[in-house]
Structures are given as structure tokens and as C-alpha cells.
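Reviewing the structure listed below.
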Amino acid sequence: MADTQFMPPVTQPHSRLHGCWFPAVAADNFQGWKQIGVKGKQASKSFGDLQALRMVWSPAVSQKKPHDRPVVQRSPGDSRLERLPVEIKNQIIDHLVLDIPPEGLTSRNADLMAMLLTSRTLHSATLNALYRNITIPHSRIFRKFLAHTAQSPELGTIVRRLDFSHFNPTSLFTTASERATTRNLTNETLLQCLELTPYLREFLAQEYVDEDIDVHVLRKLLFGLERLRGLDFCACSSAPFKAAFESILSDNWPEALRITRLSLHRCYNLSPAVFETLLPRLPNLTHLDVAGTRITDTALMSIPHTARITHLNLAKCKLLSSTVVIDFLANHPAVRNLVFLSLAGDFRSSELLDEDALTRLIPILPSTLQSLSLKGSKMNASHISLLRPLTKHLEELSMGRCLKTEDINRLFLPDKDIEQLDWVPHTLKYLDLSDYIGGSLNLPALFSNSSLLNRHSLPLEVVELADDAFTRLSSSPTITRVGWTATDFGSRAWLVRKPEGARDLGFRDWKMGAAFWGMRKVPVAVASVGGMYGSYMFKRHL
């Protein structure tokens with residue numbers, strides 16, 4: 001060991017007590033600090049001495065002898081994950097399922113496919129997650145699914161949902177002749193698929209598959225699947241689809257169907273007889289979307305009194321009269337607990353609700369409403385007082401035309417003759433002003449003396465505008481200065497408030513998986529929204 005020497009302090013060069021040893025290592029004959037003598041006495045006591053004399057606060061630390069943990073030998077299928085209850089395993093594995101398939105032909109559910117190879121216990125649990133809700137983005141996936149269920153029919157008993165909302169025929173083939181040649185998805189293969197899925201609960205279709213829904217497929221869906229509850233034919237309007245529906249009208253229909261959630265959104269060419277035959281046989285109906293159809297007053301009033309409708313979309317139903325609609329909403333027992341109601345219309349082509357009709361309608365609307373669309377109606381300033389009570393529980397409100405900016409402001413601030421203590425704040429998150437086209441919305445007043453875009457309108461987050469108003473506002477720096485931003489998606493445009501803290505993500509039970517505000521199509525299944533359904537909900541005009 002290197003030689004050390006004592007370095008006395010500069011201020012006390014003769015001291016042997018103060019100072020330090022250099023280098024800072026112990027000398028060969030160093031015996032510890034206890035052996036240093038000062039005037040014939042030992043001047044240091046170690047921590048061990050103090051501990052022995054019980055002069056320290058902390059107890060002695062016992063030295064534990066290290067020992068190895070016993071190795072537990074587990075048999076196959078006995079891991080902690082595999083021994084979890086089935087319900088918990090299903091919840092865990094469900095997080096790996098993709099509701100919205102990736103774009104194009106990219107492989108999906110790779111994690112689930114790996115889980116299938118992990119163990120027998122996880123294999124059975126993963127099969128349940130993989131086959132419970134089947135999403136078909138293109139015909140090759142459908143062909144593969146049909147082949148697997150035909151080879152192993154027990155797989156078909158797992159299926160609860162067939163979802164064609166993401167189906168895109170052009171992702172594989174560019175022409176109709178190519179698609180017809182492959183014959184992956186036809187009315188025969190679709191019927192075979194329904195035969196192999198006897199416990200199906202939800203069938204979600206759209207315009208890209210309507211030509212494959214023939215009379216046999218319709219009979220199977222309406223009469224042959226006892227557990228089917230949700231049925232969506234969004235925008236199915238082809239001639240073969242219409243002919244198939246017309247054909248089954250002469251069938252011997254049962255007195256009641258088990259369908260509880262039905263969407264014929266934009267099935268515009270179905271005859272009124274379809275609705276007058278179908279709706280009276282839905283005693284357990286909870287969701288009904290007949291927007292843009294030829295439903296009649298007779299069909300609407302024929303809905304059974306036992307129905308409990310929470311979601312009702314009657315937008316752009318030109319054969320309905322305001323008198324019957326108001327009478328239906330006021331007196332029919334099926335609509336006493338409405339949560340979503342759309343009576344929207346396009347005032348440029350037709351008008352369901354004029355000023356007098358609105359005066360009779362608004363007071364009879366139920367307090368359970370969360371979303372109300374009166375778009376296309378003709379309003380006046382007196383309707384604001386009628387709407388105010390609704391804004392205390394509504395989260396979405398679509399306004400009619402002919403109001404001034406100062407009228408709209410009254411939704412958010414009390415009148416001068418109302419005591420501040422008696423004022424109940426509103427609950428609106430979304431306000432639709434898209435009826436105000438061609439400069440009918442006073443944009444300078446919107447920023448100067450309006451409470452619509454300042455803190456008085458909180459918790460309002462989204463204001464929908466007409467295209468021309470959005471064009472003028474999107475490049476305006478004033479929007480950013482007042483804390484808003486302009487955004488658009490497809491044919492629709494909004495002003496969105498910049499959040500000061502965490503943003504409300506918008507998920508609500510009554511939206512059934514949708515997150516954005518201002519949906520224009522009623523969902524019939526709880527699922528993430530995308531594909532054609534997302535387009536009709538949030539991207540398109542009425």
C-alpha cells in the first residue's frame with residue numbers, strides 16, 4: 001500500500017488532531033479510529049460501541065442469510081393467467097381485438113393469432129374473442145371466415161355480430177366483373193354464412209353489399225335467426241334489395257319479430273308498405289332510424305305501445321306530417337324516455353316544422369333527451385324561452401333558421417329580468433348552426449358582443465357551421481385569439497374550443513361507441529365507429 005503522510009491544517013501547523021492523511025487511504029498499520037490516542041485516552045467510539053451501550057435510536061439490523069426461493073414447478077395450463085376466471089380472461093383478451101380494421105390488405109389481429117398458439121386454455125378463450133364480432137373489410141376475409149366456419153361449424157356458434165360497415169369492394173378488385181368472377185361474397189355465400197351462425201345477434205350491412213341481400217337472405221334475417229336483435233341496412237337502395245323487400249311482403253309474417261334495434265337509414269326507395277308491414281311487428285323496439293325514407297304517418301303510429309324507444313331518427317322523412325309527429329311524441333307511450341331525437345330536414349326542399357309546429361312541439365319533449373335536432377325548422381325569438389329548459393339536460397342541439405345572433409346568445413345568459421341566483425347553467429356540448437347559410441349568420445356580431453364564443457358558453461365545445469361561414473372563418477386569426485380552432489371533415493365543418501385542461505373525449509353510453517359530437521345516424525351496436533357508418537354519422541350532409 002502507498003505511504004501516507006499527515007497533512008496538518010495551515011491555521012494550526014502544530015496540531016496532531018486536526019488535519020488529514022494523504023493520500024486518502026489507510027496505512028498498513030492503521031487499526032481503526034478507536035485506537036487513536038489523544039492525551040492518553042481513546043477519543044473515538046464507533047457506532048458499534050454506541051449500539052452496544054443502547055445509545056442509538058435505530059435497532060440493530062439483523063443479518064439475514066440469503067436463501068433461494070423454492071422453484072414452483074407448474075404443469076401446463078396452471079399459470080396464473082390461465083387460472084383466472086373466464087370472464088376476466090375475456091376482458092383482458094378483448095383489449096387485443098381491433099374493431100376498426102387497418103387500411104387495405106394489412107394483416108390484423110396478429111396478437112390474437114399469437115395467443116392462439118400459447119396454450120390450450122388461452123386458445124379457447126382467444127377463439128371466443130376472435131369470432132364473437134366478425135368485421136368484414138373485403139371479400140377475401142369473408143371467404144376465409146366462411147371456409148373456417150364450414151370446416152369447423154362450432155366456430156359459427158361463437159359469432160354474435162357480422163359487421164360489413166367497413167366493407168370496400170374496390171380494395172381487392174377495380175371492376176364489378178372481377179368481383180363477380182371471384183364470387184367470394186354473393187347472395188348464396190351470404191346465406192350459407194347465416195346458416196352457419198345460428199346465434200347471431202347483430203347484422204350490420206351497407207350500400208356496398210345490398211345487391212347480395214336477396215329474398216332468401218332477408219327471410220333468414222327476419223324470420224330465421226331467433227336471437228337477432230340489431231339489424232342495420234344503412235343506405236341499401238339497390239334495385240335487387242328493393243325487389244327482395246317487396247317480395248317478402250306477401251309472406252306469412254309472424255305477429256312479432258324479435259328485432260329491437262333497426263336502421264333503414266337512407267333506404268330511400270323502399271315503399272311505404274315495407275314500413276307499414278314491418279314496424280307494427282316490433283314490440284320491443286328501442287332504436288329506430290328511418291332517416292331519408294318513405295315512412296308514412298300510418299306506419300309511425302303503428303309502432304306497438306310496448307316498444308321503449310330511446311333513439312329515434314325521423315330526419316328528412318317527407319311523407320310525415322308535423323301534426324302526426326307531434327301527436328306521436330306527445331301521446332305515444334313508446335317514446336316517453338327518448339334520449340336521441342332527430343327531426344332534421346333540409347329547408348331548401350321541404351319543411352316539417354314551421355313556427356307554430358315548433359311552439360307546440362318543444363314543450364312536450366321529454367326531460368330524458370340528450371340530443372335533439374330541429375335543423376331545417378323555422379324558428380323565431382319566442383322559441384328560445386321554450387328551448388331554455390331543454391338546454392339544462394341536452395348535450396347536443398341543432399337549431400333551425402331565422403334566428404339572430406342575440407337570440408342564440410340567450411341560450412347561455414339569463415335575461416335582465418331573471419335573478420342570477422335563479423339561473424341554471426346549460427349543459428350543451430354541441431350546437432349546430434349549419435342552417436345559417438349565405439351570410440344569414442352575423443359573423444362580426446359573433447365575435448364582438450356574442451357570448452357564444454366566450455367563457456359564458458362553457459361547457460360548449462363544438463359549434464357546427466355552414467360551408468360558406470366556415471370558409472370565411474377558417475383563415476381568420478380572430479378564431480385562434482378567442483380560443484377556438486376551425487376544422488372540417490368531409491362535407492361538415494366546425495369550430496372547436498381549445499381545452500384549458502383535459503378535454504372531454506365525448507364518449508357517452510347513449511352514443512354506443514361514438515365519440516364525436518353531432519352524429520346523424522343511430523348506431524344499432526356498441527362498437528367503434530368507422531367505415532361507411534362513420535361517414536354517414538359525421539362526414540356527410542343530411
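Computed values, structure above
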{"item": "Unmet criterion (only one of (1) in contact with a Ser or Thr (Cβ under 9 Å, 6 or more places away or on another chain); (2) open to solvent by 10 Å² or more (accessible area, probe 1.4 Å)) for I326", "result": "(1)"}
{"item": "Single match in K416, K378, K404 (criterion: at pLDDT 95 or above and open to solvent by 10 Å² or more (accessible area, probe 1.4 Å))", "result": "K378"}
{"item": "In region 339-355, residue farthest from L403 (Cα to Cα) [restricted to those that are within 26 Å of the chain's Cα centre (by Cα) and among the hydrophobic types (A, V, I, L, M, F, W, C)]", "result": "V339"}
{"item": "Any hit, region 448-458, residues being within 20 Å of M519 (Cα to Cα) and either surrounded by fewer than 13 Cβ atoms within 10 Å (Cβ to Cβ) or touching a helix residue (DSSP H, G or I) at 6+ places or on another chain (Cβ under 8 Å) (or both)", "result": "no"}
{"item": "Any hit, region 147-155, residues being touching a strand residue (DSSP E or B) at 6+ places or on another chain (Cβ under 9 Å) and either aliphatic (A, V, I, L, M) or farther than 25 Å from I92 by Cβ (or both)", "result": "no"}
{"item": "E178 at pLDDT 85 or above, open to solvent by 30 Å² or more (accessible area, probe 1.4 Å), under 30 Å from R219 (Cα atoms) and not polar (S, T, N, Q)", "result": "no"}
{"item": "Odd one out for L358 among (1) out of contact with any His (no Cβ under 9 Å at 6 or more places or on another chain); (2) buried (at least 20 other Cβ atoms within 10 Å of the Cβ)", "result": "(1)"}
{"item": "Selected residue (only one of M399, M301 is under 28 Å from Y268 (Cβ atoms) and surrounded by fewer than 20 Cβ atoms within 10 Å (Cβ to Cβ))", "result": "M301"}
{"item": "Some residue of region 253-267 being farther than 20 Å from N133 by Cα and assigned to a helix (DSSP H, G or I)", "result": "no"}
{"item": "Conditions (1) assigned to a loop (DSSP other than H, G, I, E, B); (2) of a type outside the set (K, R); (3) open to solvent by 40 Å² or more (accessible area, probe 1.4 Å); number of the one not met by E276", "result": "(1)"}
{"item": "Of residues in region 473-496 being modelled with pLDDT of 90 or more and touching a helix residue (DSSP H, G or I) at 6+ places or on another chain (Cβ under 6 Å), the one surrounded by the most Cβ atoms within 10 Å (Cβ to Cβ)", "result": "A493"}
{"item": "Test set (1) modelled with pLDDT of 90 or more; (2) farther than 21 Å from T471 by Cα - D432 fails condition number", "result": "(2)"}
{"item": "Residue pairs meeting the criteria (Cβ under 6 Å; at least 6 apart or on separate chains; first within 24 Å of T405 (Cα to Cα), in region 356-382; second surrounded by 21 or more Cβ atoms within 10 Å (Cβ to Cβ) and of a type in the set (F, W, Y))", "result": "S371/F340"}
{"item": "Residue tally, condition assigned to a loop (DSSP other than H, G, I, E, B) and within 21 Å of the chain's Cα centre (by Cα), over region 462-500", "result": "4"}
{"item": "Options L270, L249; residue that is of a type outside the set (S, T, N, Q), touching a residue at least 12 places away in the same chain (Cβ under 8 Å) and surrounded by fewer than 21 Cβ atoms within 10 Å (Cβ to Cβ)", "result": "L249"}
{"item": "Output for region 381-396, where each listed residue is surrounded by fewer than 18 Cβ atoms within 10 Å (Cβ to Cβ) and either aliphatic (A, V, I, L, M) or more than 29 Å from the chain's Cα centre (by Cα) (or both)", "result": "A381, S382, S385, L386"}
{"item": "Single residue of region 71-93 satisfying the filter (among the acidic types (D, E) and under 15 Å from R120 (Cα atoms)) that is least open to solvent (accessible area, probe 1.4 Å)", "result": "E82"}
{"item": "Pair list, Cβ under 8 Å, 6 or more apart: region 116-135 residue open to solvent by 20 Å² or more (accessible area, probe 1.4 Å), other residue part of a strand (DSSP E or B)", "result": "R132/R161; N133/R161; N133/D163"}
{"item": "Pairs with Cβ under 6 Å, 6+ apart, first in region 482-502 and in contact (Cβ under 8 Å) with a residue 24 or more places away in the chain, second open to solvent by 30 Å² or more (accessible area, probe 1.4 Å) and of a type in the set (S, T, Y)", "result": "W494/T487; V496/T485; V496/T487"}
{"item": "Qualifying positions in region 435-447 - modelled with pLDDT of 80 or more and either surrounded by fewer than 19 Cβ atoms within 10 Å (Cβ to Cβ) or not in a loop (DSSP other than H, G, I, E, B) (or both)", "result": "I437, S440, N442"}
{"item": "Output for region 346-361, where each listed residue is part of a helix (DSSP H, G or I) and acidic (D, E)", "result": "E355, D356"}
{"item": "Residue in region 336-347 that is at pLDDT below 95 and within 23 Å of L397 (Cβ to Cβ) present", "result": "yes"}
{"item": "Some residue of region 109-120 being at pLDDT 90 or above and part of a helix (DSSP H, G or I)", "result": "no"}
{"item": "Near pairs, Cβ below 9 angstrom, 6+ apart or cross-chain, from region 438-460 (under 17 Å from T480 (Cα atoms)) to any residue that is at pLDDT below 80 and surrounded by 15 or more Cβ atoms within 10 Å (Cβ to Cβ)", "result": "L452/L446; L453/L446; L453/F447; S457/S450; S457/S451"}
{"item": "Among the candidates V324, V339, V335, residue that is over 22 Å from W510 (Cα atoms) and among the β-branched types (V, I, T)", "result": "V324"}
{"item": "Selection status of M519, open to solvent by less than 30 Å² (accessible area, probe 1.4 Å), modelled with pLDDT of 95 or more and out of contact with any Gly (no Cβ under 9 Å at 6 or more places or on another chain)", "result": "yes"}
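The values are calculated or read from the model by the stated rules, or taken from the named source; none is laboratory data. Fair warning: this is a prediction, and the values are worked out from it, not measured in the lab. Cβ sites come from the backbone with ideal geometry, for glycine too, and all protein chains shown count toward neighbours. Surface areas here come from the heavy atoms of the whole protein model, side chains and all, with no ligands, DNA or RNA. Shrake-Rupley method; radii C 1.70, N 1.55, O 1.52, S 1.80 Å.
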